[in-house]
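Down below is the structure, laid out as structure tokens.
Please treat every number below as a calculation from the coordinates, not as lab data. Because the structure is a prediction, the values reported are computed rather than measured. Glycine also receives a Cβ, built like all others from the backbone with ideal geometry; neighbour counts cover every protein chain displayed.
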Amino acid sequence: MNPHPYADLTPGVILDAIESVGIELDGRLQSLNSYENRVYKLGCEDGSSVVAKFYRPQRLSDAAIEQEHAFSLALQRQELPVVAPMVFSGQSLHWHEGFRFAVFPNQGGHAPEFESAEHLSWMGRILARIHNVGASMNLDQRAQLDVDSLGEIPFAWLLENKPMPEHLLDRYEQVGGDLLDCIDSAIEQAGEGINMIAIHGDCHPGNILWTDAGPHFVDLDDCVRGPAVQDLWMMLSGDRPAREAQFEAIAEGYEQFRPFDRRELKLIESLRSLRMMHYAYWLARRWEDPAFPQNFPWFGTERYWDEHIASLAEQAERIEKEL
């Protein structure tokens, strides 16, 4: 894979790409925070603006991206507050100068306030309706959230490629291996038959914009087949009593529209652990992209890996206590 996949994505190429679908631009171009893909806000001649996402070359197939778009558009048809891609000539995914891109309406908003039980219940109601649609979607070209892809593969890759200081390798191998064993035990204890449906997959506060009309969900780039709880646990914060109270507020709203399998609660710390393991792997795999050293200068330092390994050990302890 080309370590510099966006080297040829110049401002001229970006503007030409968006105009190729029939949008008249006024030349305003602003880069937005995004590392896996490249995302830009562009001004239109009528004074409005759009957001364009240029997908990382070779990362996903066209079919996988089109299923993401189909999911978003299906949610939009149900009048759910999801920012879906705009469709031009029957297509939502477009090509220009070797780059795949999609155009979205520009949606404003501010960070959600998850300290509010009312807001959490609101989120629960919307996520239940999203999951009702997701349960009927075929996302066979998207990944499934599992231990192998988020844990075992990253763990093996990091041990083989050694992006950490040499003297920490043995400790990482021991701690990571123990954590994966704990995750396997937690999944076994949760039991068989956990429903795997189409979910947002990356439902953290940065992907939720709040307005007077309520929340809007953006960026379904990581939509996967997984358990419903994956879209719920990232809204939880604080100590255990606080998290439990927050979850009950979410569940109060969620269960108005969809039953929630309480066995999935046993998966939360395992899902959190897998996300942590995969994040380190993701940074290491993308390190040759110039945007990554610039924006994550702390990655690869002894302090980072020492703290990361300590965090994995803490996660193993949390999971063991819940078994």
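Each residue in 95, 298, 287 was given a count of other beta-carbon atoms within 10 angstrom of its own, and listing them fewest first yields 298, 95, 287. Taking each residue as 0.36 nm, the span from residue 240 to residue 19 lengthens on full extension beyond its C-alpha to C-alpha distance by 74.5 nm. Measuring how big the stretch 11-105 is from its alpha-carbon positions, Rg and Dmax come out at 13.0, 37 Å. How many angstrom lie between the C-alpha centres of the stretch 190-246 and the stretch 121-187? About 15 Å separates the Cα centre of the stretch 190-246 from the one of the stretch 121-187.
Could you give P(r) for the stretch 203-323, binned at 5 Å from zero, as whole percent values over all Cα-Cα pairs? Result, from short to long distances: 2, 8, 14, 19, 19, 16, 11, 7, 3, 0 percent.
Could you tally the net charge around residue 126, taking each other residue with its Cβ under 14 Å from the Cβ of residue 126, Lys/Arg +1 and Asp/Glu -1? Net local charge, residue 126 excluded: -2. Computing FRET efficiency as 1/(1 + (r/R0)^6) for residue 143 and residue 118, where r is the C-beta to C-beta distance and R0 is 25 Å, gives about 0.15.
Mind sorting 257, 155, 292 by how few other Cβ atoms lie within 10 Å of their own Cβ, fewest first? Walk me through the numbers on the way to the answer.
Values: 257 15, 155 22, 292 19.
The fewest-first ordering by Cβ neighbours comes to 257, 292, 155.
Its relative contact order, with pairs defined as Cα atoms under 8 Å and 6+ residues apart, puts the stretch 117-322 at 36 percent. Going from the fewest other Cβ atoms within 10 Å to the most, the residues 142, 225 appear in the order 225, 142. Here's the list of aspartates and glutamates a cross-link from residue 162 could span, going by alpha-carbon distance under 19 Å and ignoring same-chain residues fewer than 8 apart: 152, 170, 173, 178, 288, 289, 302, 306, 307.
Can you compute the FRET efficiency between residue 321 and residue 204 using 1/(1 + (r/R0)^6), with r the Cβ-Cβ distance and R0 = 30 Å? Round to the nearest 0.05. Don't skip to the answer; put the middle values down first.
On the way: r = 25 Å, r/R0 = 0.83.
Given R0 = 30 Å and the Cβ-Cβ separation, E is 0.75.
Of all lysines in the structure, those lying under 29 Å Cα to Cα from residue 53, and not within fewer than 8 positions of it along the same chain, are 41.
Work through the residues other than residue 289 whose Cβ is under 13 Å from its Cβ and net out their charges, Lys, Arg +1 and Asp, Glu -1. Intermediate results must be reported in sequence, preceding the final value.
Values: positive: 38, 56, 59, 285, 286; negative: 36, 288.
With Lys, Arg at +1 and Asp, Glu at -1, the net is +3.
A straight chain from residue 59 to residue 78 at 0.36 nm per residue would run longer than the Cα-Cα distance by 3.9 nm. Note on residue 278 and residue 91: the model spin-label points, each 7 Å out from Cα along the C-beta direction, lie 3.0 nm apart.
Apply 1/(1 + (r/R0)^6) to the Cβ-Cβ distance of residue 185 and residue 7, taking R0 = 41 Å, and write down the FRET efficiency to the nearest 0.05. Could you put the intermediate results ahead of the total?
On the way: r = 45 Å, r/R0 = 1.11.
Plugging the Cβ-Cβ distance into 1/(1 + (r/R0)^6) gives 0.35.
Placing a label point 7 Å from the Cα of residue 262 along the Cα-to-Cβ line, the residues of the stretch 187-208 whose backbone N sits under 16 Å from it are 190-191.
Spin-label pair residue 248-residue 45: with each label point 7 Å from Cα along the Cα-Cβ axis, the two points sit 5.9 nm from one another. Run down the lysines and flag those whose C-alpha is under 28 Å from the C-alpha of residue 321, throwing out any fewer than 8 positions away in its chain. Partners within reach: 266.
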